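Engineer: Structure incoming, see below.
The values are calculated or read from the model by the stated rules, or taken from the named source; none is laboratory data. Owing to the predicted nature of the structure, the values given are computational and were not obtained by experimental measurement. When we count neighbours, we look across all protein chains shown, and the Cβ atoms used for this are built from the backbone with ideal geometry, even at glycine.
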Amino acid sequence: MGCGRKRMKFDILTLFPQMFSSPLQESILGKAVEKGLIQIRTINIRDFAVAKHRVVDDSPYGGGQGMVMKVEPIARAIEWIKSQDPSVWTIYLTPQGRGLTQEISQKLSSRSHLVLLCGRYEGVDERVRELFVDEEISIGDYVLTGGELAAMVVIDAVSRLLPGVLGSDRSAEEDSFFNSLLEYPQYTRPSNFRGNPVPEVLLSGNHSAISLWRKREALKRTLDRRPDLLARANLSGEDQRLLEEILRENRTDKSRDGV
Ligand code: 6GU
């Protein structure tokens with residue numbers, strides 16, 4: 001391990017623990033687990049249901065479509081986790097939650113132990129939320145069949161912010177969204193693919209020219225695709241000057257095109 005921080009723990013409460021086996025064992029997250037930087041446990045809610053039929057869901061009071069996840073098995077599972085570590089923070093993944101952002105991911109990355117509760121069917125009994133859930137998170141305005149994929153998104157977004165998880169030569173802080181801009185375009189060999197050349201400046205070896213070009217391209221791309229991010233960005237004096245240049249260019253292009 002070697003770094004000054006204890007490994008961050010993720011406990012996933014789910015009816016489908018198998019869904020998590022390969023996605024969390026591959027690539028960067030797999031390495032983070034191997035290095036002991038994170039620990040991920042899947043806990044089958046069904047293991048906390050009472051024997052015989054091990055029922056985890058039931059029809060809704062008041063009638064209606066579908067099934068609701070029962071409170072008791074979830075309560076027992078969370079209480080079991082809390083008996084080992086009372087400091088856990090419990091997140092319920094639901095489209096009704098706060099939309100996940102980089103800022104929320106950063107806040108979560110400072111916690112030592114997260115419980116990720118994955119709902120299925122029509123969701124959980126409301127008393128689960130009232131009594132056991134600290135925070136509800138959604139990963140976007142669309143509907144998934146369950147919280148499992150959303151839990152993986154949270155684990156990925158949070159884990160990559162932990163020291164040592166990304167390679168030493170690239171820190172999470174350098175990434176876009178930290179400076180609120182989208183990434184500049186990237187190229188690798190060949191320098192010319194079927195008549196499509198790599199921008200000359202990137203082959204020039206002129207590092208200050210390259211960095212200026214990248215900053216400009218990042219600004220152009222953000223202005224074009226995510227102007228909402230620019231509005232919130234913390235732009236340096238140089239950034240603002242470049243941005244004004246780009247806006248001037250765009251106006252010239254428009255008047256030339258007769259728009
Ligand atoms: Cl967290 N759960 C489900 N079921 N659907 C979602 C979601 C979560 N976030 C966006 N859609």
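Engineer: For residues in region 1-22 being outside any helix (DSSP H, G or I) and in contact with a helix residue (DSSP H, G or I) (Cβ under 7 Å, 6 or more places away or on another chain), which is surrounded by the fewest Cβ atoms within 10 Å (Cβ to Cβ)?
Structural biologist: Per the criteria, the residue is PHE16.
Engineer: Between residues in region 112-128 that are of a type in the set (S, T, N, Q) and modelled with pLDDT of 95 or more and residues that are away from the ligand (no atom under 16 Å from the Cβ) and not in a strand (DSSP E or B), which pairs lie under 9 Å by C-beta distance while being six or more apart or on different chains?
Structural biologist: Pairs that qualify, where the first residue is of a type in the set (S, T, N, Q) and modelled with pLDDT of 95 or more and the partner is away from the ligand (no atom under 16 Å from the Cβ) and not in a strand (DSSP E or B), are SER112/ARG5; SER112/LYS6; SER112/ARG7; SER112/ASP85; SER112/SER87; SER112/VAL88.
Engineer: Can I ask one more? Only residues that are at pLDDT 95 or above and on the phi > 0 side of the Ramachandran plot: list them for region 37-59, please.
Structural biologist: ARG54
Engineer: Now, a different point. Can you find a residue that is touching a strand residue (DSSP E or B) at 6+ places or on another chain (Cβ under 6 Å), under 15 Å from VAL133 (Cβ atoms) and either surrounded by 13 or more Cβ atoms within 10 Å (Cβ to Cβ) or not acidic (Asp, Glu) (or both) anywhere in region 31-47?
Structural biologist: yes
Engineer: List, please: which pairs have Cβ atoms under 8 Å, are six or more places apart or on different chains, and start with a residue in region 129-145 that is within 21 Å of THR101 (Cβ to Cβ) and small (Gly, Ala, Ser) and end with one that is modelled with pLDDT of 95 or more and part of a strand (DSSP E or B)?
Structural biologist: From region 129-145, the pairs are SER138/LEU93; SER138/THR94; SER138/PRO95; SER138/GLN96; SER138/GLY97; SER138/ARG98; SER138/GLY99; GLY140/GLY99.
Engineer: Is there any pair with a first residue in region 180-200 that is of a type in the set (Val, Ile, Thr) and a second that is in a strand (DSSP E or B) and at pLDDT 95 or above whose Cβ atoms are under 8 Å apart and which are 6 or more apart or on different chains, and what are they?
Structural biologist: VAL198/ASN192
Engineer: Still on this structure, I have one more. Here are some conditions: (1) under 21 Å from ALA151 (Cβ atoms); (2) exposed (fewer than 15 other Cβ atoms within 10 Å of the Cβ); (3) of a type in the set (S, T, N, Q). SER59 meets all but one. Which one does it not meet?
Structural biologist: For SER59, the failing item is (1).
Engineer: Shifting gears a bit: Only one of these conditions is not met by GLN25: (1) touching a residue at least 60 places away in the same chain (Cβ under 8 Å); (2) in a loop (DSSP other than H, G, I, E, B). Which number is it?
Structural biologist: (1)
Engineer: Checking the condition of a type in the set (S, T, N, Q) and touching a strand residue (DSSP E or B) at 6+ places or on another chain (Cβ under 7 Å), which residue from GLN102, GLN96 passes?
Structural biologist: GLN96
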